[in-house]
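Engineer: Could you have a look at this structure, given as structure tokens, before my questions?
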Amino acid sequence: MSLESTDLETASLSTNPSFLDLIERSRASVRSEGALSSEEMRRRFETEP
């Protein structure tokens with residue numbers, strides 16, 4: 001894999017098993033439970049202190 005245009009953080013995270021597991025669990029959660037739209041997230045953050 002060429003790292004010429006990749007920053008250190010991206011290279012580190014893309015090979016970190018714990019991070020990859022976190023991403024996969026998050027994707028599985030979205031598939032099974034759904035996710036909030038960006039509009040809903042904006043609404044929630046604008047109204048909460």
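What follows is calculated from the coordinates using simple rules that are stated; it is not laboratory data. Model, not experiment: these values are computed from the prediction. A quick note on method: Cβ atoms are made from the backbone with ideal geometry, for glycine too, and the neighbour counts reach across all protein chains shown.
Engineer: What does the convex hull of the Cα atoms of segment 8-47 come to per residue, in Å³, rounded to a whole number?
Structural biologist: For segment 8-47, the hull spanned by Cα atoms encloses 96 Å³ per residue.
Engineer: So, one more: Please give, to one decimal in nm, the separation of the simple spin-label points placed at residue 11 and residue 43, each 7 Å out from Cα toward the Cβ.
Structural biologist: 4.4
Engineer: Using the basic label-point model (7 angstrom from Cα toward the beta carbon), what is the residue 18 to residue 36 distance in nanometres?
Structural biologist: In this crude label model, residue 18 to residue 36 measures out at 2.6 nm.
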